[in-house]
Every structure is written in structure tokens, then in C-alpha cells.
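In what follows, a structure is listed as C-alpha cells, so that the remarks can point back to it.
The values are calculated or read from the model by the stated rules, or taken from the named source; none is laboratory data. A quick note: this is a predicted structure, and the numbers were derived from the prediction, not measured. Neighbour counts run over all protein chains shown; Cβ positions are idealised from the backbone, glycine included. The protein model used for the area step is the full one, side chains on, heavy atoms only, and it has no ligands, DNA or RNA in it. Shrake-Rupley method; radii C 1.70, N 1.55, O 1.52, S 1.80 Å.
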There are 2 protein chains.
Amino acid sequence: MVLHGASEGKAAEPEPDGPVASGGRATLKTIAELTGLHVSTVSRVLNGTTSGARAASAATAERVRQVALEVGYVPDIQAAGLRRQSSRLLGVMMARLTDQVLASIYEGVERTATQHGFHTMVSNSWDDPATRQAHVSMLLSRRVDAMIFGDAHVDGAFLAGFAAHGVPFVLVNRRAGDHPSVTCDDLAGGQLAAEHLYALGHRRVGVVAGLPYAANGIDRTAAFTRYFAERGHPVPGDQVVHASFDAAGGALAAEKLLDRAPHPSAIFAVSDFAAIGVLGVLRERGLRAGRDVAVVGFNDVPIAAQLTIPLSSVRNPMYEVGARGVDLLVRMMRGEPPERITLAPELRIRESSASPYTGA
Amino acid sequence: MVLHGASEGKAAEPEPDGPVASGGRATLKTIAELTGLHVSTVSRVLNGTTSGARAASAATAERVRQVALEVGYVPDIQAAGLRRQSSRLLGVMMARLTDQVLASIYEGVERTATQHGFHTMVSNSWDDPATRQAHVSMLLSRRVDAMIFGDAHVDGAFLAGFAAHGVPFVLVNRRAGDHPSVTCDDLAGGQLAAEHLYALGHRRVGVVAGLPYAANGIDRTAAFTRYFAERGHPVPGDQVVHASFDAAGGALAAEKLLDRAPHPSAIFAVSDFAAIGVLGVLRERGLRAGRDVAVVGFNDVPIAAQLTIPLSSVRNPMYEVGARGVDLLVRMMRGEPPERITLAPELRIRESSASPYTGA
DNA sequence: ACGTTATAGCCAAACGTTTGTGCAGCCGCC
DNA sequence: GGCGGCTGCACAAACGTTTGGCTATAACGT
């Protein structure tokens, strides 16, 4: 368990005639000199190329591994990547990891990438084109083998340019154009929320719609409003307000929605944190969520169920989205065709939307 | 803004006599051949080594930059790192990025590292030794120039071993031993919470203490209980319960604390998300936070103020912790001495602990 | 005995950079 | 007009790997 560097060896150890490079960290050369073997042989042993013709003898292999352990050899992936022309590195762009949804997706990405033998390098783009561009250039510079984008804009302008690099990529969380992607089935999710509120008797509803360039918010909103429109209760344009996915955005949007008289009897927020912002504003105005105004969020983050007024939400399999995204990417790198995958959402009804509309 | 690869050039362009390596992506060699210069000259130009004696002429430099742009050259940092023996990469270990506190700290780390010309590579350790070890080995393999640990265990066993690598590091979020670190002043923070609740009249208090190996939780708890003990109201051992920092952990701990009769009149949770778990349990038991039981959290995450019962909290300058951590690390790499820095917390009183204890 | 084949390992080139050194040409100076 | 110093670039050696090709020995079948 305890690691130890090359410099930790016994100082008085008698050195073989040749000057053993004991200066910096141990490299293949260090081991080669110590064992009297050639560096290529050491490399093959350590890479487990034991199968096939090129294998070393069992005894040699054992000796190499022994010495490698002793000197605390740790391979230089940079050098290997240079030679191999592949970094075994996946670049990941997220809008921001303080968004728990994106952090959860990233966990799925990281875990699954590790299983496939890839490392990941993640950056926050803050949904800002310049920052995104800078970080992507950085990742390209580090020769990532592929990319995962969790911050796509629905217009797909950036991705069109990026595709020219020939680096394979898949989108998670937000789809865009016909690029390969793994997302929650946001249309189905939006409809679930609509069905639920409609069934409760709500007809005057408002939507906190998320950022206008994010496909997840767009789809959730579109399916939701379509459902009401199809039943003869179209949602007026001013009752759909765009805002950031966090609590502050939700609060801002709620202010606008509730300034209208009569205020909506139900609010659908396309993100739980935005919904929490809505709950806060309701309380400030002396309205009780679940009684005066029904609230439904999206994603079903862990705290949704723990809130003082537990929040109804559409469950988004976030970890799964990340995991499946990497799976798809790996398949694509093997030459399999790109896909657009959607994962099924699930409605979780809680107190914030439990009681039927009384027409108050 | 739009990127374009080397393969995007006009196909019919007449090539200079030598075979121009137009196959894969553009390298220094590509540019060298296109300009008729030597690769070393190109390198110097592109690295902005314009100062001093070795500079290229202004005309040459301009031509090089022009061609570099045309062929869409993007440097190979791996190769540069190999030669330069420094990756300009900072490794970051966090317990898990779905913890908004750690994600915020990471944002500070990422931003500040970028300012200093470093890239960051972050991994989730899940507070699990084996996973931590695996990811750290990975980062070492990628030849990180330094490390930031946000997941230190207070015993410091792992770090003692790690120090042998000679890779400089600083701790953020959780201190350990006398390793350099940047943390919130958790002792001061715990005391702030204690002073506040004591002043309100609470004498029978409980603590949700966080994970037993996390110094931040330990310090916050220690200062809190010490304050009460010094005033003749020691907190019984069974009223200090350890749990994870998230809502689930807080809920679990709250169950235990409230099973006791009489239950505590105030609960201090060393994390806001744990506090939210506490709020949930209070509600389930028909107790009202802020009236029946005062609750104070820690960190002051954005949603604390937005909750239906806004949560009192001790503000932790999380972003700042990350940023200052990198600053310190960079200074250390320049040879300046290590430090242990603490940042001042600040009490934010809200409804969850606004009313004085009535002795109910 | 001899050709064939498998085994075990060495050799060297290559990946794309950076950087110390060498070397022309040119300018100015005495 | 010789010479020192500067300018502007080229040369080549690294950095640590991986990998195709090669060689020497051994085993083996005929």
C-alpha cells in the first residue's frame, strides 16, 4: 500500500559496473540496467505481452516485475502515448460541475471510462463559447482520443466545427442536431409532468424552462406545453420563462410567473434546483407549495425527497446517462455506428404536487 | 472561432518538391517543411521565444505563425511534456464531485490553475483507499507536476507514503497533520455556530458530525462541543453522531438524535446537505425546524437560503479555498515555504434558527 | 544430419517536442 | 582590413515508450 520512490533504495548498494541511472524516477532503462535485459524486453513484460511469440521466459518476467516493484517504477503514460499515438484519455466538457446533475453524469463517465481503460479529463465550460473553445483546444493539445460533451448548445454550431478534427465524440445530457448522444428521454419526461398536473386538475400552468440553448430544457418544455395545448389549454408564452438551471434562476423565473394575476396553479421546473428556487419564492409570498401551487421538478436529485416539502420530480438516470455515453463512445471508436440513445424517465410524486387542484 | 484540421486545405494545392507530411495532424515538422525552416526555429517562434538572442526575424516569425494557423497546428503537450520533463498538469483528488462543496472548491482550483498556466485533472476517490491509490497512481503516471488533495484522512497515513514521491502537494478542504493546506477555519466556524445557539438559549444540543476521518467535520464538531462544555453544558457522547456529509447521512443521524427523549432543542450539522437531511426528518416527525428544533448547517451552499425553511449556516469560502490552494501550491513549486492557511467563516442566520429557545 | 519452427531476447527507429551548441553571414570598430 | 560580436537560423541530442525486424539458440520432425 505504501508507495516508495526510486531514491529510497539502500544507498550503499553495490552498483553494477555501468552507471545505473538512479537519479530521477525509475524508467524502463533503470530496470533494464538492473536486470541486464534490454529495455524493449522489459517493456513487453510489463505490458503483459506474455501471450504469443514475443513473450519472455517466466523466470525473466518474474525478475523484471520484482525489480520494477523494488524501484517503484511507474510508467510514463505521456511517453507511451507519444509513441503509441493514442493517449487513452477522454476529454469531458461540462457546463459546470457544481451542477449536481452534471457531476452525477460525470461520475458515470469516470467510472465507466476507467472500466474501459481510459482516463478522463474534465473541464467546466461555464456555457461560455470562449471558455469552451479554450478548454477544448487544451484537451486536443493533450491528444484526447475522444470527447464527451455535456454542454452542447442546440444550434450545434460549435460541434460542426469540432467534427472537422476527426476526434470522435458523443453528447450527454443535451442532444444537438443528429450528433450521437445519450440523454434522458426529455420529451417523455416533460409529458409525464404534464400528465400528472393535468390529471390533478391544473389548467393554468407555468414553466421554468431552463436555458434557451439547452436541448434538455427545450424538450422537456416542449413536450409539457404540447400536452396542455393538445387538450385545449395552451400555455401562454409569458408563462414559459427561461432561466439558469440553479436555485437562483428558478427564483428569478418564479417571480415573473407569480407576478401575474391570477397566478398559475402549478409550476413545472425543468430542473430540481430551479424548482427549489421556486419553492423559496412561494414561501416568501405566503403561498404553500403543494396546496396553493403545485410544483414539479426534474432529475430527482437526492435532496428532492428530503426537502421540508418533498419535491415531486421526474427521475433522470443521470449516472446511467454518463455511463452509457462512454459505452457508446467506445463502441464508436471500435467502428460501430453512432446512435442517439434516450433513457426512460420516471415520475416521482411527492407532497409538492400531491393534492388535487381545488380551484381556489 | 471555427476550428479546422490540416486535412481541410485545398486539395489541389501544388506541393513543394519534398513529400509534405500532410497525412495526420500538423506537427512542427509540417510547418518546417512548408516554410523551408528548421523545426527548431519553428518551435522557438511558436513558443514566443522572441526575446533574447535566439529570436527569429520578424518576417520569419510572421510567416511561421501564418502557416501554423493555416494548417491548424495544435501543439502536442504530451511530447512537449516528455521533453521538458514537466507536464504543466495538476492532479486533483476529491472525495466526490457530486458534493457541491467539493465541486465549488474544484472550480476555484481549475480557474486559478489555468491562470497559472496549469491544466488540472480531477478524480473522485469516493473516500476509498483503494480507489484513491489507483487514481493517484494514474495521475503520477501522467507525470503531474503537483497534487491537490481534497479528500485527506486525518490520520495522514496515505499522505506520508505519498510524500516519498517528491511530488509537491497541498491539501484543501480537510487538513491533515502538518501538511500544507488551505481550509476554512473550521474551529472558528464551529464556535460561531455554538455561540449562536448558546445565545439563543439552547443547552441541549446535538451534532451531526460528518465522517470520522474528515478533519473539517472533526474540527467543527470539536470547537462546537468545547464551547458548550466550557460553559458547563457538555454535549453527551451519544449526541454527537457521525455520518456522511450528504442528505442521506444527515437524515440517518437525525433519526438517532431525535430518538432520545427529551430530544435536543438544537442540532448543528457540519454540512448543509446533512442539515437538509435533518430538516426532512424533523418534518416527518411533525417537528418544525426553527420553532421546535433549531438547525444550523455549514458551508452556506446556494440553496441554503432558498429552502422553504431557510437554513442558518456558517459560510465557507469554498471557491476561495480552491483558489488559494493552487496559489500556495504554485508558490511552493517556486521554492517558497509551505503554509497552513485558514480562511475566515461567517455566520448566516436564517429562519431555521431565528427564534430564541422557549424551553418547550 | 538437416531443414523447419518456436523461443527469448536484442537492436533501432519512431512519436513530437525542446534546447544547447555550432556556424555562417553581416555589421561596426579601431 | 582584420576581428569581435551579433543575428538568424540549422543541427542533433535528448525525453520514455512501443514495436517491427532481426538473430541466436534450442527443440523437433524426418
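Just one of (1) modelled with pLDDT under 95; (2) more than 8 Å from DNA strand C (Cβ to nearest atom) fails for residue B:92. It is (1). Here residue A:320 passes the criteria (1) in contact with a Leu (Cβ under 7 Å, 6 or more places away or on another chain); (2) under 20 Å from residue A:196 (Cβ atoms); (3) of a type outside the set (A, V, I, L, M) except the one numbered (2).
As for segment B:330-340, it holds no residue that is more than 10 Å from chain A (Cβ to nearest Cβ), under 29 Å from residue A:311 (Cβ atoms) and within 19 Å of the chain's Cα centre (by Cα).
Which members of segment A:272-289 meet the condition of being in a loop (DSSP other than H, G, I, E, B) and within 10 Å of chain B (Cβ to nearest Cβ)? Talk me through it step by step, then tell me what you get.
First, pick out the residues of segment A:272-289 that are in a loop (DSSP other than H, G, I, E, B): A:285-288.
Within segment A:272-289, just A:288 meets the criteria.
Of all the numbered requirements in (1) over 19 Å from residue B:111 (Cα atoms); (2) open to solvent by 20 Å² or more (accessible area, probe 1.4 Å); (3) at the interface with chain B (Cβ under 9 Å from one of its Cβ atoms), residue A:162 misses one, and that requirement is (2). Residues in segment B:301-329 that are open to solvent by 20 Å² or more (accessible area, probe 1.4 Å) and within 15 Å of residue B:276 (Cβ to Cβ) were compared, and the one that is farthest from the other protein chains (Cβ to nearest Cβ) is B:305.
Would a scan of segment A:125-141 turn up a residue that is aliphatic (A, V, I, L, M) and part of a strand (DSSP E or B)? No, segment A:125-141 contains no residue that is aliphatic (A, V, I, L, M) and part of a strand (DSSP E or B). The listed residues are B:99, B:127, B:145, B:155, and the only one of them that is farther than 29 Å from residue B:248 by Cβ and charged (D, E, K, R) turns out to be B:145. None of A:59, A:103, A:95, A:68 is closer than 30 Å to residue A:300 by Cβ and more than 9 Å from chain B (Cβ to nearest Cβ) except A:95.
Find the residue count for segment B:106-122, including only residues that are at the interface with chain A (Cβ under 7 Å from one of its Cβ atoms) and hydroxyl-bearing (Ser, Thr, Tyr). Steps first, answer last, please.
Going through segment B:106-122, the residues at the interface with chain A (Cβ under 7 Å from one of its Cβ atoms) turn out to be B:106-107, B:110, B:119, B:121-122.
Then drop every residue that is not hydroxyl-bearing (Ser, Thr, Tyr), which leaves B:106.
Result for segment B:106-122: 1.
Looking at A:100, A:78, which is the one that is within 8 Å of DNA strand D (Cβ to nearest atom) and surrounded by 15 or more Cβ atoms within 10 Å (Cβ to Cβ)? Even if it seems obvious, please write down each step before you answer.
On the way: A:100 fails: within 8 Å of DNA strand D (Cβ to nearest atom).
Of A:100, A:78, the one residue that is within 8 Å of DNA strand D (Cβ to nearest atom) and surrounded by 15 or more Cβ atoms within 10 Å (Cβ to Cβ) is A:78.
Selection within segment A:305-329: residues that are within 16 Å of residue A:101 (Cα to Cα) and hydroxyl-bearing (Ser, Thr, Tyr). The member of this set that is farthest from the chain's Cα centre (by Cα) is A:313.
The sole residue among B:48, B:117, B:108, B:72 that is open to solvent by less than 60 Å² (accessible area, probe 1.4 Å), out of contact with any helix residue (DSSP H, G or I) (no Cβ under 7 Å at 6 or more places or on another chain) and either more than 16 Å from DNA strand D (Cβ to nearest atom) or not in a loop (DSSP other than H, G, I, E, B) (or both) is B:117.
Being within 16 Å of DNA strand D (Cβ to nearest atom), assigned to a loop (DSSP other than H, G, I, E, B) and open to solvent by 10 Å² or more (accessible area, probe 1.4 Å) is the filter here, so list the residues in segment B:81-97 that pass it. Talk me through it step by step, then tell me what you get.
Initially, segment B:81-97 is screened for residues within 16 Å of DNA strand D (Cβ to nearest atom), giving B:81-89.
Those left that are additionally assigned to a loop (DSSP other than H, G, I, E, B): B:85-88.
Within segment B:81-97, B:85, B:86, B:88 meet the criteria.
For residue B:302, the conditions (1) within 18 Å of the chain's Cα centre (by Cα); (2) not assigned by TED's automatic domain parsing to the domain that holds residue B:292 are fulfilled apart from (2). Number of residues in segment B:53-69 that are open to solvent by less than 70 Å² (accessible area, probe 1.4 Å) and either touching a Phe, Trp or Tyr at 6+ places or on another chain (Cβ under 9 Å) or assigned to a helix (DSSP H, G or I) (or both) equals 5. Among what's in segment B:120-135 and is in contact with a helix residue (DSSP H, G or I) (Cβ under 7 Å, 6 or more places away or on another chain) and hydrophobic (A, V, I, L, M, F, W, C), pick the residue that is surrounded by the fewest Cβ atoms within 10 Å (Cβ to Cβ). The qualifying residue surrounded by the fewest Cβ atoms within 10 Å (Cβ to Cβ) is B:121.
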